[in-house]
Amino acid sequence: MANDERVSKDIGQAADASVGQPEGEEAMAAEPAAGEEPSSEKLALMLEDARAKADEHWDALLRAKAEMDNLRKRAKRDVESAHKFGIERFVGELLPVKDSLELGLSAASDEQADVAKLREGMELTLKMLSTAMEKYGVEQLDPEGQKFDPERHQAMTMQETDSVEPGTVVSVIQKGYLLNDRLVRPALVIVAKETAAG
């Protein structure tokens with residue numbers, strides 16, 4: 001509050017200093033003739049006008065500051081909300097997959113469960129999960145037969161073989177995944193190397 005009063009005082013002093021310097025036609029009218037002093041009434045009016053303008057500008061500044069504070073708070077709330085509920089639609093896509101897994105588990109607990117039907121149900125559930133993941137930019141890395149890429153693959157071991165070129169992925173231990181082309185998990189692979197005789 002003391003700061004507001006000090007600023008108001010500074011503005012008032014600046015207004016006092018500038019009252020004798022009006023612009024344009026007002027300056028012509030306000031200028032006293034040579035050797036003439038402006039009347040105290042005229043000076044009082046000019047001072048009052050300057051203070052009114054200073055108050056008006058001060059109010060506008062306070063309103064702008066309040067608006068900025070409100071915008072900052074609103075932006076913060078929006079960011080927090082985006083972090084909390086950003087994956088809401090993805091969760092909505094995963095719920096049917098969970099439901100399907102629960103139904104499959106329930107069916108598997110039956111002693112007379114048909115293994116072929118259980119397998120079919122699991123395949124459909126896996127397909128549902130893959131579709132949901134693809135919809136949100138998740139891409140599977142299954143690099144078997146491809147050249148080893150240290151950016152996307154993690155070699156677990158090397159295997160001597162003549163069937164493929166050295167540096168080729170012979171088998172995949174665990175598939176990797178990308179999210180919108182960004183690596184989430186590298187594929188764990190076995191990589192071909194030259195045979196000792198070669």
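Let's see how each residue does on (1) of a type in the set (S, T, Y); (2) under 22 Å from E93 (Cα atoms):
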residue	(1), (2)
E120	no, yes
E123	no, yes
T131	yes, yes
Q154	no, no
Y177	yes, yes
R185	no, yes
What are the residues in the range 177-188 that are within 14 Å of E151 (Cα to Cα) and either outside any strand (DSSP E or B) or not assigned by TED's automatic domain parsing to the domain that holds D149 (or both), if any?
D181, P186
Taking the stated definitions as given, is A113 at pLDDT below 95, touching a Phe, Trp or Tyr at 6+ places or on another chain (Cβ under 9 Å) and surrounded by 11 or more Cβ atoms within 10 Å (Cβ to Cβ)?
no
With (1) in a loop (DSSP other than H, G, I, E, B); (2) modelled with pLDDT of 95 or more; (3) among the small types (G, A, S) as the list, and A197 as the residue in question, which single condition is left unmet?
(2)
Pairs, first touching a residue at least 60 places away in the same chain (Cβ under 8 Å) and over 30 Å from K135 (Cα atoms) in the range 61-90, second outside any helix (DSSP H, G or I) and not hydroxyl-bearing (S, T, Y), C-beta under 8 Å, six or more apart:
none
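The values are calculated or read from the model by the stated rules, or taken from the named source; none is laboratory data. Just so it is clear, the model here is predicted, and its values are computed rather than measured. FYI the Cβ positions are ideal-geometry reconstructions off the backbone, even for glycines, and counts take in every protein chain you see.
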